[in-house]
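Report on one structure; see the data block that follows.
Just so it is clear, none of the values below were taken in a lab; they were calculated from the coordinates. Just so it is clear, the model here is predicted, and its values are computed rather than measured. Glycine gets a Cβ as well: all are built from the backbone with ideal geometry, and neighbour counts include every protein chain shown.
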Amino acid sequence: MKKKKIGNNAAKIGDYLKKRLLELKDKYEIIGDVRGLGLMIGIEIVKDKKSKRYGKEERDKILELCFKKGLILLQAGTSVVRMSPPLIISKSHADKAINIFEKSIIEVQKNVRN
């Protein structure tokens, strides 16, 4: 892939990922914030949106579950999940990553409430 195409892809898929992650933020109590530029995206995990207390244990469990499902994500700061895919990522791979991430969020949030 040529440099210009790689940059365009990073911007396009980055915007797409951020949009999907913001939809998850609206849907799940433990996602406190989504921020980033291009394909470097941070997802802040919180105990709940009202208190915005750091969800370090929840973040660590999400990372573990994603890894077991085949998605490698990084930790950042106290309770942030860093998503930083390759610049040549396709939309179908982005969807697969979001689906794995959402399944892990559902599992962790369910366990927090019980």
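Just a few scattered comments:
- Estimated 222 nm signal from helices in the chain, with DSSP H stretches of n ≥ 4 weighted -39500 (n - 2.57), rounded to 500: -18500 deg cm²/dmol
- Listed pairs LYS5/LYS47; LYS27/LYS91; LYS4/LYS50; LYS49/LYS96; LYS4/LYS49; LYS47/LYS96 exceeding 32 Å between Cα atoms: LYS5/LYS47; LYS4/LYS50; LYS4/LYS49
- The C-alpha atoms of the chain define a longest principal axis, and helix 3-27 lies at about 20 degrees to it.
- Amide H to amide H, with H built 1.01 Å from N, ASP33 comes under 5 Å of GLU44, counting only residues 5 or more places away or on other chains.
- Taken about its Cα centre, the chain carries a charge dipole of about 400 debye when Lys and Arg each add +1 at the Cβ and Asp and Glu each add -1 at the Cβ.
- One entry in (i) 25, 14, 12; (ii) 29, 16, 12; (iii) 23, 19, 14 is semi-axes √(5λ) of the Cα gyration tensor in Å calculated from the shown coordinates; its label is (i).
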